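What follows is calculated from the coordinates using simple rules that are stated; it is not laboratory data. These numbers come from a predicted model, not from an experiment. Cβ: placed from backbone, ideal geometry, glycine included. Neighbour counts: every protein chain shown.
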Amino acid sequence: MSLIVQKFGGTSVADAEKIRAAARRALRAQQQGHQVVMVVSAMGKNTDMLVNLAGQVCDNPPAREMDVLLSTGEQVTMSVMAMAIHDLGGKATSLTGVGVRTDSSHTKARIQSISTDRMRKLLDDGNIIIAAGFQGVDDDLNITTLGRGGSDTSAVALAAVLGAEMCEIYTDVDGVFTTDPRQVADARKMSNVSHDEMLELASLGAGVMHSRSIEFGKKFNVPIHVRNSGVFTDEPGTIIGPIAESANRAVSGCALTKAEARLTVSGVPDKPGVSLTIFEKLASDNIAVDMIMQTAGQDGHADISFTVLESDLPRTLIAVEAAAAAVGAVDVTHEANASKVSVVGLGMATQSGVADRMFRALAEANINIAAITTSEIKVSCLVAREQGLEALRAVHSEFELGSPPENRVTFEDSLAAAKKAKEADAIAVVNRLQAMEDLTVHGVVLDDSQSLVTLTDVPDSPGISADIFEVIAAAGIVVDMIVQGIGANGKTNLSFTVPQPATDEAASAAGSAIEKRGGTAKSYPSIAILSVTGVGIRSHTGVGLRMFRALSKAGINVELVSTSEVKVNVVVAGDKGAAGLAALQEAFADVIG
Ligand code: ADP
Ligand code: ASP
Ligand code: MG
């Protein structure tokens, strides 16, 4: 019998009437012949209210007790949902935790396994099951939660273990839009979006889905349908599945994260193990690092900049100052009040000219870019917080995201593709269910076809990146990684990689672009790019660290770093490529799937 999972977010269960509407929807699906598992969030802003309450009684609430407290929000919803279904003449049972086993990292636990026996029995007896979202229990039966927004992850994980035909995510918007429709008026609902794009968008600020839910969607081929829970709307929403909406668009969507802070450790000795010392310290203090910009060194010194959530800034400063002293760095500077605007698209991997268009759009809006990182499917720019929204609107309009692409894949076709992928993969999925949310690494790759161009001491002003990359794009050169960190005294450093045959042309084009402003262009023809690819690479914070550790042990210096949800890239000297590849293969041997 076919089974569907229906997840209802906070606003979709905010009051009694909405709960009854959700109950009717579940009953309708059951009447249509499906077994139904509902996953519910806390009602309305209940979780915020509980967080606030904790803050009133305690400055630094213990994480374990925070989980006990927050888990109650979902438990209220699930019990009243069961009552509503009973009242409508249906059969329903609410279950806390529903056998969701997690690790013990309170407030951000990861799912390890889900036992299905009890659920199957209840379903076979004709019950609608109502599961509390966003929570589980660890091996010692302590209650854990998965992190804010985690009910999406509960829903997709349940759909994976139960082999659900569909995981429906009911929310307060019509689907996944090209960007947050509450911030950009002409944002457009997409008929479908690929896993990789959604993974990036979610982790770059698109709050509509918890990014870890997309990891499950991709790993286990769960067809996901995001749609509006509004009582009278039965419109199709957005399918998150294996294919993109359009093959001929370079950019599919954009997103903004508001509260970022940037730190720069400058004058770091450019030798193996230095970044490791810094990031090891951050990891041991459990601080998640986001953009990492290590600009290639000059005079044996490099600058390492990175961003963290602004709320983590005080802790990060303490950690970094200690690490900086240990490695003999010259200075640590920081700046809060930053926002990160990103564009995402699968088409970017094969089309050039995205980065320079984005930089130009920002320059035209008179927005200075403080830092840049790219991966094959995204470009992120750090900007001043007060310009964040303006930056988001500028890029949304530059890439004409408000109007539908030509030849777009229809909702029906993407649904069919998602279902087909699920069927084709059924057996492999069962094998992957053993350790559900463990890191999945596909492999380690060496690319020695690129060279590196670095620009140092370039005056930092709006338009500088646009000028440089426009000239390079006009010369027909495809840029792969771009990393812009910050230098001192209003100067910036910028590094990028290009195919080796284009090295000299790229260096001289970049040199001419900065000629009037000042700065030095240099090229390094012999480099190797080493990448670790997988799913949810950035949110599994240990990946970068493991890479740095393995390379440092092999005596290999890391020149540049860029990260995305599907890949971490590092640049090393060309003659170290093979040794680096071997070191990484060994370091990831246990997780390469
Ligand atoms: P729920 O409580 O249903 O989980 P959330 O508030 O977590 O709902 O997510 C829905 C919200 O996500 C929307 O109201 C919208 O403002 C925001 N959002 C951000 N980015 C996007 C996007 N790209 N598409 C749709 N909604 C988005
Ligand atoms: N109630 C939790 C939160 O607000 C989980 C969720 O809704 O997804 O973060
Ligand atoms: Mg949500």
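Summary table
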item	result
Footprinting exposure proxy for Thr47, Thr374 (fewest neighbouring C-beta atoms within 10 Å first)	Thr47, Thr374
Bridge type composition, the chain - antiparallel percent by DSSP, nearest 5	75
Positive-pole candidate from Thr77, Ala589, Ala474, dipole of the chain, charges at beta carbon	Thr77
Whole-number percent relative contact order across region 454-593, with pairs defined as alpha carbons under 8 Å at least 6 apart	23
Given charges at Cβ of Lys, Arg, Asp, Glu: region 301-437 dipole, positive-most of Ser380, Pro404, Ala322	Pro404
Kirkwood Rh, Cα atoms: Rg over Rh of the chain	0.98
Residue order, fewest to most surrounding Cβ atoms within 10 angstrom, among Leu581, Leu146, Leu282	Leu581, Leu282, Leu146
Note, ³J(HN,Hα) from phi for region 398-405, Karplus 6.51, -1.76, 1.60, rounded to Hz, x at Gly and Pro	4, 8, 6, 6, x, 9, x, x
FRET efficiency for Glu235 and Ala16, using Cβ-Cβ distance with R0 set to 25 Å, rounded to 0.05	0.50
Given charges at beta-carbon only (K, R positive; D, E negative), |dipole| of the chain in Debye	1060
Residue exposure sequence - Ser449, Ser229 - by fewest surrounding Cβ within 10 Å	Ser449, Ser229
Region 563-577 - phi-based ³J(HN,Hα) in whole Hz, Karplus 6.51/-1.76/1.60, Gly and Pro as x	10, 8, 6, 10, 6, 10, 10, 10, 9, 10, 4, x, 6, 9, x
Centre separation in Å (Cα based) which lies between region 69-143 and region 300-353	39
Cut-off under 5 Å, modelled amide H: who pairs with Gly402 long-range	none
Hz values of 3J(HN,Hα) by residue in region 125-130 - Karplus curve (6.51, -1.76, 1.60), Gly and Pro given as x	7, x, 7, 8, 9, 10
Cross-link table Lys18/Lys189; Lys7/Lys91; Lys340/Lys516, entries beyond 21 Å C-alpha to C-alpha	Lys18/Lys189; Lys340/Lys516
For region 122-237, size of Cβ-based charge dipole, Lys and Arg +1, Asp and Glu -1, in debye	320
Cross-link reach list, aspartates and glutamates versus Lys45, counting only Cα pairs under 18 Å and skipping chain neighbours closer than eight places	Asp15, Glu17, Asp67, Glu74, Asp152, Asp172
Hits among lysines - C-alpha to C-alpha of Lys553 under 21 Å, sequence gap 8 or more where chains match	Lys271, Lys281, Lys576
Given charges at beta-carbon only (K, R positive; D, E negative), |dipole| of region 222-342 in Debye	200
Helical contribution to [θ] at 222 nm, DSSP H n ≥ 4, -39,500 (n - 2.57), averaged over the chain, rounded to 500	-11000 deg cm²/dmol
Highest-first arrangement of 454-460, 582-588, where packing means the average Cβ count within 10 Å	454-460, 582-588
Cleavage-rule hits, chymotrypsin sites (Phe, Trp or Tyr not before Pro), region 148-255, DSSP coil, Cβ neighbours within 10 Å at most 13	Phe232
Selected from Ser12, Gly519, Ala250, residue furthest toward positive end of dipole (the chain; charges at beta carbon)	Ser12
For the chain: relative contact order, % (alpha-carbon pairs under 8 angstrom, 6 or more apart)	13
